Amino acid sequence: AQLQQLAAALPKAELHLHIEGSLEPELMFQLAERNGITLPYASVEALRQAYQFTNLQEFLDLYYQGMSVLQTEQDFYDLTWAYLQRIAADGVIHTEIFFDPQGHLSRNISFETQIQGIYRALCDGETKLGISFRLIMSFLRHLSEQSAFDTLEQAMPWLDRIDGVGLDSSELGHPPEKFTRVFARCRELGLRVTAHAGEEGPPEYVWQALDLLKVQRIDHGNRSLEDVTLIERLRNDQVPLTVCPLSNLKLCVVTEMSQHPILKLLDAGLLVTINSDDPAYFGGYMMDNFRVLSENIPITAAQIVQLMRNSFTGSWLSETEKQACL
Ligand code: ES4
Ligand code: ZN
């Protein structure tokens, strides 16, 4: 309880959050009604009941189905604003959120509709809630390299609002090397780069993300622990790993929270952070992640403080902005 008070009181940054994964069932039903869409669930309760996954793909199937209620700019605004209000209560003062443009372009929702709604809410979050932000466009790795290039083309008019790119969706069978050329182009354009790797995929995918995509962060990265040479690399370069405990539990990346590798990663000297990933689907936001961790693993106050510091160190804030938070 003391550790939770400490965790709640410290300022925190969230670095791994899919905004479409913050769509709570209640809002999903409201937006469905507003847009004349019928969901294949009788109620909010029935939908929540369906959130039981044995792997990443089972989750992704519901995640893509869920986001289909997002149709108008106002829908994207309402989604993002609800997330920001929720994290304000958790003491999150900076957030770097992903959005998945291809998940909406494929439904004929324009890039403009998506980014205008999300960005307007982020700006309101900054002025009304004091939450600073970065916006990351994520490519869906189960789609082709060409589709990623097409998406980048659509993003060109909006690059002043986009800080970086990510890589998400079905990991196995879609190694980072598939996106080497599009990530090179993004880096040329001055975008920052990160990628999901080592969630379900092997350490080799983390190596590829580092050496081929030249990422500045690794999202998840849990399976890096299977490769001592990789751990050495991650420690030497202090590559941030954005770890998501409740996500790992819900997607069976770990069997029980008591088995979560967060302390191993910290003890190995890695720059790990705690994040909520898809809070509406995985059982909670930033503080829920800290609560469940501290209830199930012997984490210390010093380690909690370290994790909070890491969240700013690993962020894409400027050095000056970081100094103010550290
Ligand atoms: C995701 Cl947890 C996770 N992994 C990969 N892709 C994703 N998209 C949204 N959540
Ligand atoms: Zn993720």
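Can you name the condition, by its number, that Ser294 falls short on among (1) surrounded by fewer than 17 Cβ atoms within 10 Å (Cβ to Cβ); (2) farther than 24 Å from Thr194 by Cα; (3) touching a residue at least 60 places away in the same chain (Cβ under 8 Å)?
(1)
Where in the range 5-69 are there helices (runs of 4 or more DSSP H), lying wholly inside it, with at least 1 residues that are within 23 Å of Asp90 (Cβ to Cβ) and within 11 Å of ligand 1 (Cβ to nearest atom)?
So the answer is 56-66.
Return the pair list, or none, for Cβ contacts closer than 9 Å from residues in the range 183-201 that are in contact (Cβ under 8 Å) with a residue 60 or more places away in the chain to residues that are within 13 Å of ligand 2 (Cβ to nearest atom) and basic (Lys, Arg), at least 6 apart or on different chains.
Hits for this filter: Arg192/Arg217.
Any idea which residue in the range 255-264 is farthest from Phe312 (Cα to Cα), counting only those that are over 19 Å from the mean Cα position of the chain (by Cα) and in contact (Cβ under 8 Å) with a residue 24 or more places away in the chain?
If we take residues in the range 255-264 being over 19 Å from the mean Cα position of the chain (by Cα) and in contact (Cβ under 8 Å) with a residue 24 or more places away in the chain, then Glu256 is farthest from Phe312 (Cα to Cα).
Write out, first by first residue and then by second, each pair whose Cβ atoms fall under 6 Å of each other, whose residues are 6+ apart or on separate chains, and whose first residue, in the range 54-65, is over 18 Å from Phe98 (Cα atoms) while the second is of a type in the set (Ser, Thr, Tyr) and more than 14 Å from ligand 2 (Cβ to nearest atom).
none
Quick check on Val44: is it more than 16 Å from ligand 2 (Cβ to nearest atom), without any contact (Cβ under 8 Å) to a residue 40 or more places away in the chain and either in contact with a helix residue (DSSP H, G or I) (Cβ under 9 Å, 6 or more places away or on another chain) or aliphatic (A, V, I, L, M) (or both)?
yes
Take the residues of the range 265-289 that are under 16 Å from the mean Cα position of the chain (by Cα) and assigned to a helix (DSSP H, G or I): which is surrounded by the most Cβ atoms within 10 Å (Cβ to Cβ)?
Asn289
Name the one entry in Ser318, Ser311 that is under 27 Å from Gly164 (Cα atoms), polar (S, T, N, Q) and within 16 Å of ligand 2 (Cβ to nearest atom).
Going through Ser318, Ser311 in turn, just one is under 27 Å from Gly164 (Cα atoms), polar (S, T, N, Q) and within 16 Å of ligand 2 (Cβ to nearest atom): Ser311.
Hey, can you tell me all the residues within the range 247-286 that are in contact with a Gly (Cβ under 7 Å, 6 or more places away or on another chain) and among the β-branched types (Val, Ile, Thr)?
If the condition is that a residue be in contact with a Gly (Cβ under 7 Å, 6 or more places away or on another chain) and among the β-branched types (Val, Ile, Thr), then Thr273 is the only one that fits.
Inside the range 125-148, can you point out the residues that are polar (S, T, N, Q) and surrounded by fewer than 18 Cβ atoms within 10 Å (Cβ to Cβ)?
Answer for the range 125-148, where residues must be polar (S, T, N, Q) and surrounded by fewer than 18 Cβ atoms within 10 Å (Cβ to Cβ): Thr127, Ser132, Ser144, Gln146, Ser147.
Which helices (runs of 4 or more DSSP H) does the range 84-177 wholly contain that include 2 or more residues that are within 20 Å of the chain's Cα centre (by Cα) and within 16 Å of ligand 2 (Cβ to nearest atom)?
Because the criterion is at least 2 residues that are within 20 Å of the chain's Cα centre (by Cα) and within 16 Å of ligand 2 (Cβ to nearest atom), the helices (runs of 4 or more DSSP H) in the range 84-177 that meet it are 101-105.
Could you list, in sequence order, the residues of the range 187-243 that are of a type in the set (D, E, K, R), in a helix (DSSP H, G or I) and surrounded by fewer than 20 Cβ atoms within 10 Å (Cβ to Cβ)?
Arg187, Glu188, Glu204, Asp211, Glu226, Glu232, Arg233, Arg235
We did not get these values from a lab; they are worked out from the coordinates using the rules stated. Treat the numbers as computed from the prediction; the structure is a model and nothing was measured. Positions of Cβ are generated from backbone atoms using ideal geometry, with glycine treated the same way; all protein chains shown enter the neighbour counts.
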